[in-house]
Amino acid sequence: MSLVFRWTTFDVTSQLPGNWQHEIKVVAARADFREFPRTPILSREAEHVPNVPRGRVHAHQVRHSLPWLYRLYRGRFLALAQEACTERAVPARDDRYGVVLNVQRGTTMRFECHVDSNPMTGLLFCTDHLAGAGGELIFGNDPAAADIDAVETDCTVIRPHAGHIILFDGRRHPHYARPLVAESDVRIVAVMNFYTESCPESARPPELNRHLFGDG
Ligand SMILES: [Fe+2]
């Protein structure tokens, strides 16, 4: 059954350091660029897709290189997540996945189609992408959509706008980021996980941590 996806947007430009975009771009250039194997349980990629290429700046690198982003995640952005959530929202206790950067460079990378395990996700868009440039965030309105083609059939399209944060519950609606159109283009987004009492961090599937970090 189709259920239109909804989200909340805030323009947080005035809360970011003056040179925030440059700082993020410098860190993103050192991302771990490679083929990432499909995520257990949560992937909504077609059966024949074993991995998806992209770049990732791991949480410990974000904490070390972009301390203001780590602080905002646990401070002002947490307060915004609270605005968008009917329950009390808390940041992740485990610093391995609290806030990371996802990076797409050129035309071959995209972000895996998946559903979230955490009840509230915040995305801070760090780059702008004009209409037709690719890099849109796509949410399938149909929770049963099981691959990109199905998601695209009935979807909500969000164009990244630098300095805007969006907050949403992505547990039901499969979502992915389209590839960029220009070889020279770069897309950067900061991803933040929040938890609630009814869906706490302790309920995070152990397969996810084994997949990402090699342990439970
Ligand atoms: Fe997600």
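The values are calculated or read from the model by the stated rules, or taken from the named source; none is laboratory data. In this text, all values refer to a predicted model and were calculated from it rather than measured experimentally. Don't worry about glycine lacking a Cβ; one is built from the backbone with ideal geometry, like all the others, and counts go over all protein chains shown. The protein model used for the area step is the full one, side chains on, heavy atoms only, and it has no ligands, DNA or RNA in it. Shrake-Rupley method; radii C 1.70, N 1.55, O 1.52, S 1.80 Å.
Observations
- Placing dummy labels 7 Å off each Cα toward the beta-carbon, the span from Gln82 to Trp68 is 2.3 nm.
- Taking 0.36 nm per residue of separation and subtracting the Cα-Cα distance, full extension of the segment from Asp94 to His22 would add 23.2 nm.
- With the convex hull of its Cα atoms as the shape, region 1-106 has an orientation-averaged projected area of 9.3 nm².
- Average Cα contact separation per residue, the chain, under 8 Å, 6 or more apart, as relative contact order %: 29 percent
- Note on region 129-211: percent of Cα-Cα distances in each 5 Å bin, starting at 0 and stopping at the bin with the largest distance, equals 3, 12, 18, 19, 20, 17, 7, 3, 0.
- DSSP-loop GluC sites (Glu not before Pro) across region 121-208, with at most 12 other Cβ within 10 angstrom: Glu183, Glu197
- Rolling a 1.4 Å probe over the protein chains gives Thr108 an accessible area of about 100 Å².
- Dipole-positive endmost among Gly98, Cys85, His129 within region 1-143 (Cβ charges, Cα centre): Gly98
- Helix-derived mean residue ellipticity, 222 nm - over the chain, DSSP H n ≥ 4, -39500 (n - 2.57), to 500: -5500 deg cm²/dmol
- Ranking of His64, His114, His58 by solvent-accessible surface, largest first: His64, His58, His114 (1.4 Å probe, protein heavy atoms only, all chains present).
- Cα centroid separation, region 83-150 to region 160-216: 4 Å.
- Extension gain, Ala29 to Val157: 0.36 nm times the residue separation minus the Cα-Cα distance gives 43.4 nm.
- Hydrodynamic radius (Kirkwood) for the chain, which is based on Cα pairs only, to one decimal in Å: 17.4 Å
- Protein heavy-atom accessible surface, 1.4 Å probe, per residue over region 121-205: 37 Å².
- Tensor-based shape of region 64-182 (alpha-carbon gyration tensor, a/c under 1.5 rounded, otherwise prolate or oblate): oblate
- Cα-centre dipole for the chain with unit charges at Cβ (Lys and Arg positive, Asp and Glu negative), debye to 20: 660 debye
- With only Cα atoms counted, region 152-191 has Rg and Dmax values of 12.0, 34 Å.
- The packing ranking of peptides 164-172, 89-97, 44-52, highest mean first, is 164-172, 89-97, 44-52, where packing means the average number of other beta carbon atoms within 10 angstrom of each residue.
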